[in-house]
1. Can you tell me which residue among Lys159, Lys169, Lys153 is out of contact with any strand residue (DSSP E or B) (no Cβ under 7 Å at 6 or more places or on another chain), surrounded by fewer than 17 Cβ atoms within 10 Å (Cβ to Cβ) and part of a helix (DSSP H, G or I)?
2. Does Lys215 meet the test of being basic (Lys, Arg), at pLDDT below 90 and either within 20 Å of the chain's Cα centre (by Cα) or open to solvent by 60 Å² or more (accessible area, probe 1.4 Å) (or both)?
3. Do we find that Gln45 is closer than 26 Å to Phe188 by Cβ, in a loop (DSSP other than H, G, I, E, B), open to solvent by 10 Å² or more (accessible area, probe 1.4 Å) and not β-branched (Val, Ile, Thr) in this structure?
4. Would you check which residues across the stretch 13-42 are of a type in the set (Val, Ile, Thr) and open to solvent by 70 Å² or more (accessible area, probe 1.4 Å) and list them?
5. Out of Leu96, Leu110, Leu148, I need the residue that is outside any helix (DSSP H, G or I) and open to solvent by 30 Å² or more (accessible area, probe 1.4 Å). Which one?
6. Failed condition for Asn198, given (1) open to solvent by less than 60 Å² (accessible area, probe 1.4 Å); (2) more than 30 Å from Asp51 (Cα to Cα), with all others met?
7. Filter the stretch 14-52 down to the residues that are aliphatic (A, V, I, L, M) and more than 17 Å from Val130 (Cβ to Cβ) and list them by number.
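The values are calculated or read from the model by the stated rules, or taken from the named source; none is laboratory data. Keep in mind it's a predicted model, so treat the numbers as computed, not measured. So basically every Cβ, Gly included, is an ideal-geometry build from the backbone, and we count neighbours across all protein chains shown. Note: areas computed on protein heavy atoms with side chains; ligands, DNA, RNA excluded. Shrake-Rupley method; radii C 1.70, N 1.55, O 1.52, S 1.80 Å.
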Amino acid sequence: MKKYIPILKRTQLFRGACDEEINAMLSCLGARLITYKKGELVLRQGEHISDIALLVEGILHIQSDDYWGNRSILGQIDAGDMFGEAYALNESTGLLNDVVAVADSAVVFLDAKRIINTCRGACRFHAIVVQNLFFAICEKNKKLVQKLGHMSKRSTREKLISYLSEEAKKQRSSTFTIPFNRQQLADFLSVDRSAMSNELCKMRDDGLLEFDKNKFRLIC
């Protein structure tokens, strides 16, 4: 666990804490470290959980498959991101989606009840963790609104423009790399991969952008 302290310090949940405080809080919150191989399920749809999770290494996808095997990627979890809090704080609700490792990954699980209830030792940092949890949930809601903004567009081109524009703003550059391959991007935007690839080629021919695999450059 010690080797992941630097990444934990950069998470929203432990923002403002020093190494010693994080170590103390990990013990206080019953932290457990579990590793996963690429392709393994971290959390399964319908599962009930009582832990808030922090990804400290690797990449995870939040995804859902329908009855016929069609996949939708609802989001990507990167190192330092928190997930599962909405379900851990409401144990009566089962997970609506799977969480899958798309690279070898390591996850720290924290007992949600220990976070929201003051511990016997009255840790100095405990109240700040609760405050940070609130801000982290607000930030995730903001990302959800952004995703809904992409999905609300009618055409494949409009969805691509919305998503790529947002990535350019986020990375503060007209040239940027997205975290998805073609199939993953199609799953994320809920469009047909072939239709999306054709649209990207048309947008390139129209002088709107250039691309090479998952690297893009937007042209004004």
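1. Numbers: Lys159 fails: surrounded by fewer than 17 Cβ atoms within 10 Å (Cβ to Cβ); Lys153 fails: part of a helix (DSSP H, G or I).
Matching residue, one of Lys159, Lys169, Lys153: Lys169.
2. On the way: basic (Lys, Arg): yes; at pLDDT below 90: no; either within 20 Å of the chain's Cα centre (by Cα) or open to solvent by 60 Å² or more (accessible area, probe 1.4 Å) (or both): yes.
In short, no.
3. Values: closer than 26 Å to Phe188 by Cβ: yes; in a loop (DSSP other than H, G, I, E, B): yes; open to solvent by 10 Å² or more (accessible area, probe 1.4 Å): yes; not β-branched (Val, Ile, Thr): yes.
Here the answer is yes, as Gln45 does meet what is asked.
4. Of the residues in the stretch 13-42, the ones of a type in the set (Val, Ile, Thr) are 22, 34-35, 42.
Of everything in the stretch 13-42, just one residue is of a type in the set (Val, Ile, Thr) and open to solvent by 70 Å² or more (accessible area, probe 1.4 Å), namely Thr35.
5. On the way: Leu110 fails: open to solvent by 30 Å² or more (accessible area, probe 1.4 Å); Leu148 fails: outside any helix (DSSP H, G or I).
None of the other options fit; the residue is Leu96.
6. (1)
7. Of the stretch 14-52, the ones aliphatic (A, V, I, L, M) are 17, 22, 24-26, 29, 31, 33-34, 41-43, 49, 52.
Correct list: Leu33, Ile34, Leu41, Val42, Leu43, Ile49.
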